[in-house]
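Visitor: Before anything else, here's the structure in question.
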Amino acid sequence: MSDPFDLDNLAVDNIAAPSSEPPYMAGLNLPQKQAVETIDGPLLVLAGAGTGKTRVLTTRLAHILATGCGFPGQILAVTFTNKAALEMKERVGAIIGSQVESLYWMGTFHAIGVKILRNHSSLAGLAGNFTILDSDDQLRLIKQIVRAENIDEKRWNPRLLAGLIDGWKNRGLLPSQVPAGEAQHYADGKAITLYHSYQARLKTLNAVDFGDLILLCLVLFQNQPEVLESYQRRFRYIMVDEYQDTNIAQYLLLRLLAQGHRNICCVGDDDQSIYGWRGAEVGNILRFESDFDRAKIIRLEQNYRSTGHILGASGGLIEANQGRLGKTLWTDIGDGEKVTVKTVWDGREEARNIGEMIEVYQRKQQNLSEMAILVRAGFQTREFEERFLTLGLPYRIIGGFRFYERAEIRDVIAYLRHVANPDDSLAFERIINVPKRGIGAATVEKLHNLSRRHDCALAKAAELILETDDLRGKVKNTLRGLLEDFARWRDMAQDNDLVLLCETILDESGYAEMWRLNKSPEAEGKLENLSELIRAMETFEGLAEFLEHIALVMENTRNDIQDKINIMTLHGAKGLEFETVFLPGWEEDLFPSRKSLEQHGEKGLEEERRLAYVGLTRAKKQAHIFHALQRYLYGSYTSPVPSRFISELPADHVEIIPSEGMYGQATGQREKGFSERPPKWSEGYTAPQLDRSKAKRHTTTHTAKKAATPSLYKSGDRVFHDKFGYGTVIICDGNKLEIDFEKGSVRKLLDSFVTAA
């Protein structure tokens, strides 16, 4: 597609703004007006939370058009979502009173990249009709390449390679430019070779992935300087929203294009850069002044959203970060209520407290939709969903699935449903090959045909087909083993130990192992969700009661009431605002995230602190922080300390809320011998290097309960565990050990997860 506004050779002199202030300037404060009227030269607008940055951006664009300083085809306006681009067009149109479809170069980075590559496809090494692969197609292609190299997919998950390639493209690196040391992250050093093969295969297919849409533009401009020069002349004005969220490749693209007229305006907030995990580089906004000589910085600091105490608390918190340009938000709407911090015993009490507070606000005529619960990790939503079901409070999960709708939870529930009801063919079909057992679509189709012929359930059809020669070899043995597993689990269910039953299914089916070995970014979250599911079962007497509860929860999600509590992650809350915000789980290891600190150190800590800042500044009138003395985290009960972020909140803006009777409850529970036992299937999942060969996953020879393998250890032996350190074996029960660790905890573990000390 060619550009309908080819203005390479068109020169337009800046026209002075009218002497009387135009209507669209009405209501802007002084810094906002300065940002709108500063259209020549590089400009960085540091827009704090709630300071009206969207209005400034759209008004500035309208000002350029209204004053005749530029025409639509001369303006490059980059947003991070298509929704933001559409909103900006509508706002600009409302300001200048005309349609703005002629803003051809307004859109996301990817949309801009597509237009450039379509215009110059042959120079970019592509045919004009090239295909853009989505993430599923990309992964499918990477799997083909991995298999062609005879790489073990179970050991080296193709998703990990996909993540590496995306990361390299986000940094603007071709295969030949990737540092050799980074190849060691996949398949013993083959990652760069596989990246070469992947790019070659894309070229053969005349296809690109989303990373290529920026990377190939950089290559095009590097190899074809005359093309770059034409775009530098064309884009008289460049405007970028959410500049703090740009990755390195996007940053490089903007720098190249801005070398023409140098009229680049970037709007963003270094204190809200929270997407480092997907390639965003906060350093892009921090070095703006050094990148562009004589750059002007305008700070938008008047907040129109939050009360003084909320701004004071969040501002004091973010001051602990070293990597920031600095600004101080203020408001003229009053101090309001202080930010509250409350200690609770555990997640259940946390959900109970928040539920009660929501009902109080509701009685004060505050709509449920004006309140939000912002969590650090997805598994935290389960407690609130359960509590709100009990209270009859409608809720919505924004940016994700409800807890019991998540794929991994539905998989496990399918296992449990089939244990409870052998005739549940839908449940059986869902998990017959999950994890992969080699029972493919052809086998399932045979089972369906047999099921229809004999008018029986799918599992019964499986029993019938085993008596024939329709299946042979490994598939037949695997199917027989699966049926025997279900028979054994069904026997276990009679004991009504639901937690043990689910742990056993997760362990023996290989389902938990599948996610332990998965190296994708979402794998850890799925394991946390499985841990939370186990914990949800503790209060139920048996399988039937639990499945009935799940059915009621799922039915509740169909409620079509519009006024609902909002539940979402802190990442998903960016850009939103609510009257009241609840911030649960402010504890070390959960928030800040242990994983973030372990992987990224101080840089990770600063991003976690920015995330806390974002959470606080979503609140207009009330912000409530909670931390628990006990939390079920990473597969075991922990006794976390309060998040360091709580101690960084200025005391003048915070009110500590006492929790009556809590410490007595804590003591009482400990006196009762509260269990800190991690689920059997999750033990050691943080240490994938451990030898798991002793854990037999299936039996295909009998339906009797499996006998425990005798342990190599005995009472009194010294052992070592990667997570818990050194300890002494107290009790041996088959291959299960009870160990007294030097760090002060007694835990039950399988012997395959420890080594002799």
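The values are calculated or read from the model by the stated rules, or taken from the named source; none is laboratory data. Please read these numbers as outputs of a predicted model, since none were measured by experiment. So basically every Cβ, Gly included, is an ideal-geometry build from the backbone, and we count neighbours across all protein chains shown. In case anyone asks, the SASA skips ligands and DNA or RNA and just uses the protein heavy atoms, side chains included. Shrake-Rupley method; radii C 1.70, N 1.55, O 1.52, S 1.80 Å.
Visitor: Among the strands (runs of 3 or more DSSP E) lying completely within the range 20-135, list those that include at least 3 residues that are open to solvent by less than 20 Å² (accessible area, probe 1.4 Å) and of a type in the set (A, V, I, L, M, F, W, C). Can you show your working first?
Guide: Numbers: elements: 43-47, 75-79, 106-108.
Qualifying strands (runs of 3 or more DSSP E): 43-47, 75-79.
Visitor: List the number of the failed condition for Gly399; all other conditions in (1) surrounded by 14 or more Cβ atoms within 10 Å (Cβ to Cβ); (2) closer than 24 Å to Thr381 by Cβ; (3) not polar (S, T, N, Q) hold.
Guide: It is condition (1) that Gly399 fails.
Visitor: Working only within the range 105-123, note down all residues that are aliphatic (A, V, I, L, M) and more than 33 Å from the chain's Cα centre (by Cα).
Guide: Leu123
Visitor: Sticking with this one: Given the conditions (1) over 22 Å from the mean Cα position of the chain (by Cα); (2) buried (at least 17 other Cβ atoms within 10 Å of the Cβ), and given that Ala180 satisfies all but one, which numbered condition is not satisfied?
Guide: (2)
Visitor: Now for a different question. So for the range 137-158 (the condition being open to solvent by 20 Å² or more (accessible area, probe 1.4 Å), farther than 15 Å from Tyr195 by Cα and in a helix (DSSP H, G or I)), does at least one residue qualify?
Guide: Within the range 137-158, one or more residues are open to solvent by 20 Å² or more (accessible area, probe 1.4 Å), farther than 15 Å from Tyr195 by Cα and in a helix (DSSP H, G or I).
Visitor: May I pose another question? Cβ-Cβ below 6 Å, separation at least six or inter-chain, first residue in the range 564-582 and assigned to a strand (DSSP E or B), second among the acidic types (Asp, Glu): which pairs?
Guide: Phe578/Glu370; Glu579/Glu370
Visitor: Can you report the number of residues in the range 302-333 which are open to solvent by less than 50 Å² (accessible area, probe 1.4 Å) and either acidic (Asp, Glu) or assigned to a helix (DSSP H, G or I) (or both)?
Guide: Of the residues in the range 302-333, 11 are open to solvent by less than 50 Å² (accessible area, probe 1.4 Å) and either acidic (Asp, Glu) or assigned to a helix (DSSP H, G or I) (or both).
Visitor: With the structure loaded, tell me whether Asp495 is acidic (Asp, Glu) and either assigned to a helix (DSSP H, G or I) or at pLDDT 90 or above (or both) or whether it fails that test.
Guide: So Asp495 fails the test.
Visitor: Could you check how many residues of the range 252-267 are crowded, with 19+ Cβ neighbours inside 10 Å and assigned to a helix (DSSP H, G or I)? Lay out the reasoning, then the answer.
Guide: Narrowing the range 252-267 to residues crowded, with 19+ Cβ neighbours inside 10 Å: 252-254, 257-258, 263-267.
Filter again for assigned to a helix (DSSP H, G or I), leaving 252-254, 257.
Selection size over the range 252-267: 4.
Visitor: Okay, moving on. Can you say whether Glu484 is at pLDDT below 90, surrounded by fewer than 19 Cβ atoms within 10 Å (Cβ to Cβ) and assigned to a helix (DSSP H, G or I), as far as the supplied structure shows? Before you say what the answer is, go through the steps one by one.
Guide: Values: at pLDDT below 90: no; surrounded by fewer than 19 Cβ atoms within 10 Å (Cβ to Cβ): yes; assigned to a helix (DSSP H, G or I): yes.
In short, no.
Visitor: Going through the range 334-354 one residue at a time, which ones are part of a helix (DSSP H, G or I) and either polar (S, T, N, Q) or surrounded by 19 or more Cβ atoms within 10 Å (Cβ to Cβ) (or both)?
Guide: Gly347, Glu349, Glu350, Ala351, Asn353, Ile354
Visitor: Taking the residues in the range 364-409 that are touching a residue at least 40 places away in the same chain (Cβ under 8 Å), part of a helix (DSSP H, G or I) and of a type in the set (Val, Ile, Thr) as candidates, determine which candidate is nearest to Lys564 (Cα to Cα).
Guide: Among those residues, the one meeting the criterion is Thr381.
Visitor: Please go through the range 575-602 and give me each residue that is open to solvent by 20 Å² or more (accessible area, probe 1.4 Å), under 18 Å from the mean Cα position of the chain (by Cα) and either more than 15 Å from Ser643 (Cα to Cα) or of a type in the set (A, V, I, L, M) (or both), ordered by number.
Guide: Gly575, Leu576, Leu597, Glu598, Gln599, His600 - these are the residues of the range 575-602 that are open to solvent by 20 Å² or more (accessible area, probe 1.4 Å), under 18 Å from the mean Cα position of the chain (by Cα) and either more than 15 Å from Ser643 (Cα to Cα) or of a type in the set (A, V, I, L, M) (or both).
Visitor: Given the conditions (1) of a type in the set (A, V, I, L, M); (2) in contact (Cβ under 8 Å) with a residue 60 or more places away in the chain; (3) open to solvent by 30 Å² or more (accessible area, probe 1.4 Å), report the number of the one that Leu286 does not fulfil.
Guide: It is condition (2) that Leu286 fails.
Visitor: I've got another one for you. Inspect all residues belonging to the range 170-188 and state whether any of them is farther than 25 Å from Gly113 by Cα and in contact (Cβ under 8 Å) with a residue 60 or more places away in the chain.
Guide: Within the range 170-188 (the criterion being farther than 25 Å from Gly113 by Cα and in contact (Cβ under 8 Å) with a residue 60 or more places away in the chain), the answer is no, since none of the residues qualifies.
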